[in-house]
1. How many residues are more than 16 Å from residue 319 (Cα to Cα), of a type in the set (A, V, I, L, M, F, W, C), in a helix (DSSP H, G or I) and open to solvent by less than 10 Å² (accessible area, probe 1.4 Å) if we restrict to region 359-399?
2. How many residues, within region 269-308, are touching a helix residue (DSSP H, G or I) at 6+ places or on another chain (Cβ under 9 Å) and part of a strand (DSSP E or B)?
3. Quick one: would you say residue 385 is in contact with a Phe, Trp or Tyr (Cβ under 8 Å, 6 or more places away or on another chain), of a type in the set (Ser, Thr, Tyr) and in contact (Cβ under 8 Å) with a residue 24 or more places away in the chain?
4. In region 153-164, what count of residues is obtained for those that are under 13 Å from residue 553 (Cβ atoms) and open to solvent by 10 Å² or more (accessible area, probe 1.4 Å)?
5. Starting from residues that are among the charged types (D, E, K, R) and touching a helix residue (DSSP H, G or I) at 6+ places or on another chain (Cβ under 9 Å), keep the ones in region 413-452 and report whichever is farthest from residue 367 (Cα to Cα).
6. Across region 400-412, what is the number of residues that are touching a helix residue (DSSP H, G or I) at 6+ places or on another chain (Cβ under 7 Å) and either open to solvent by 10 Å² or more (accessible area, probe 1.4 Å) or closer than 23 Å to residue 515 by Cβ (or both)?
7. All but one of (1) open to solvent by 30 Å² or more (accessible area, probe 1.4 Å); (2) under 24 Å from residue 302 (Cβ atoms); (3) of a type outside the set (D, E, K, R) hold for residue 140, so report the exception by its number.
8. Any chance region 461-480 includes a residue that's open to solvent by 10 Å² or more (accessible area, probe 1.4 Å), at pLDDT 95 or above, outside the structural domain of residue 357 (by TED's automatic domain parsing) and touching a Ser or Thr at 6+ places or on another chain (Cβ under 6 Å)?
Amino acid sequence: MEKWRRSSHRFFKHSLSRIIVDHRSNSTPRRLHSDLCPGTGISHFNNVYLERRSQILQRDYYIGKSQVFISGNLVRACGDQRKHFGSMASGLQRNPMFATVTLDDVNYFKGVLGEKNVIQDEDRLATANVDWMHKYKGSSKLLLRPTCTEEVSQILKYCNSRRLAVVPQGGNTGLVGGSVPVFDEVIVNLGSMDKIISFDKVSGILVCEAGSILENLDAFLANEGFIMPLDLGAKGSCHIGGNVSTNAGGLRLIRYGSLHGNVLGLEAVLANGTVLDMLGTLRKDNTGYDLKQLFIGCEGSLGIITKVSILTPPRLFSTNLAFLACNDFFSCQKLLLEAKRKLGEVLSAFEFLDGQSMEMVLAHLEGTRNPLPSSLYHFYVLIETIGSDPSYVREKLEAFLLQSMEGGLICDGAVAQDTSQSSSFWHIREGLPEALSKAGTVYKYDISLPVEKMYGLVEEMRLRLGQSAKVVGYGHLGDGNLHLNISTLEYDDSVLRKIEPFVYEWTSKHKGSISAEHGLGLMKANEIHYSKSPETVQLMASIKKLLDPNCILNPYKVLPQSILH
């Protein structure tokens, strides 16, 4: 641990009158706890941390098998005794208007796709029927893997004529049950459609198929001197089509904006097989309605996205990452405001996690090390800057950190020296979902709130749940996105009743959104009214019925079933 700490590029030592910054990468760190953090003496925090970590590890040892019925389906851990749970689709019934797959249907699809792309193997279906958290499980008997848009069109045209329900699937990394069947829907996986169609090196506009993996696209762009405008923890598995369909946000939205702005065009197939060619590559196009926006974030409920045109920014190679400690959430808020003002154009990410999040990662994520090991602080912030001039970016960040330390916004901190240390810092933030999954059962909520209100929900939830659960808060502070996670040893109806609908009511009361970037899926389809007015939801339903009158596309998701029938 000490050797690793000596390799960090920058450490802070604070006193009431001055700050010392050690620029020597091989020097022994000279750090003291800050007087600005009362009650956070080193010995005190170490004792608390060791005691809490011991309790967490003991809990982890005694976790047993859990099971729960979700939409009539029993979800079991696949070789893992820990489970994830959240909103239940209680009382949901299969739509009797939908047909059941027959041998004639299978033979038709084999004629269109070829036998190898029509999958009925139980093992492969078992994987496709369950989301990565093992929270939602369907019972589909058929998985189709088209290789081009025309095949997708033929699949949907046939399914619509037969009223066979369809669930589009990409990397299956979603968190709200949007990418797996609820019952026996036909799975259409676009993983075989992963070609890069074109790239304009002058404009940075990339055109690719929807099954392209995000990390592969970023690797391709790196060779061209560009970067994907979104970065997710699931980038090694998620597909760009799924990203666009859910309007995924990610770590760098504060710098590059949302996909509503970065996606210039797309191609989508409607339920009746009609191919909508909206694959424009223009920055400006005001000819009529911007219909592509309907498909960005629709979660495959209006059509299946098959191709995407996306604006990619130049890759700037001067990157700095600071891992900082703050005493309270107000300091995190003020630090964000100061970062926007003083870092300006070089600010690319601003993430936060609370002390409970750090405990969770250190206890359950193998190989994780605390960059600030002398104390366990109340809050942590990751600030990333990116620019084209290394000296300018570094000096700008250093000046900002010095001023923030002197102003009492930062208790302690370190700046990564190289990519290895940057990866270690990011691993703490990006590894939180994995750490939570290893700790036991977790109830996950993706919420957007005014920044000043974000942590209030975490505190309220802790008061409601007391000792019955561990409440963890982290997320994208730069764009007001809170990831609220409630960790328990096993699923408990009484805990869920304390969480819901309170979490949605609190969010609605404070003018927030119950889905910031994960979508509604199955988990929150019936809760949409907490964020949208009845008139707005009714208009959404009208659009759904217009584009998919038989409602075969990703049924039971996004909108309440009661409004569609």
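The values are calculated or read from the model by the stated rules, or taken from the named source; none is laboratory data. Computed from a predicted model, the values in this text were never measured in an experiment. Ideal geometry is used to build each Cβ from the backbone, glycine not excepted, and the neighbour counts take in all protein chains shown. In case anyone asks, the SASA skips ligands and DNA or RNA and just uses the protein heavy atoms, side chains included. Shrake-Rupley method; radii C 1.70, N 1.55, O 1.52, S 1.80 Å.
1. 2
2. 9
3. Working: in contact with a Phe, Trp or Tyr (Cβ under 8 Å, 6 or more places away or on another chain): no; of a type in the set (Ser, Thr, Tyr): yes; in contact (Cβ under 8 Å) with a residue 24 or more places away in the chain: yes.
No.
4. Filtering region 153-164 down to residues under 13 Å from residue 553 (Cβ atoms) leaves 155-157, 159-160, 163-164.
Next, from what is left, pick out any that are open to solvent by 10 Å² or more (accessible area, probe 1.4 Å): 157, 160, 163.
Final tally of qualifying residues: 3.
5. Start the filter on region 413-452 by keeping residues that are among the charged types (D, E, K, R), which leaves 418, 429-430, 434, 438, 444, 446, 452.
From what's left, touching a helix residue (DSSP H, G or I) at 6+ places or on another chain (Cβ under 9 Å): 429, 434, 438, 444, 452.
On the way: 429: 14, 434: 13, 438: 14, 444: 24, 452: 34 Å.
Selected residue: 452.
6. Step one: filter region 400-412 for residues touching a helix residue (DSSP H, G or I) at 6+ places or on another chain (Cβ under 7 Å), giving 400, 404, 409-410.
Applying the additional criterion that residues be either open to solvent by 10 Å² or more (accessible area, probe 1.4 Å) or closer than 23 Å to residue 515 by Cβ (or both) yields 409.
Result for region 400-412: 1.
7. (1)
8. Among the residues of region 461-480, at least one is open to solvent by 10 Å² or more (accessible area, probe 1.4 Å), at pLDDT 95 or above, outside the structural domain of residue 357 (by TED's automatic domain parsing) and touching a Ser or Thr at 6+ places or on another chain (Cβ under 6 Å), which makes the answer yes.
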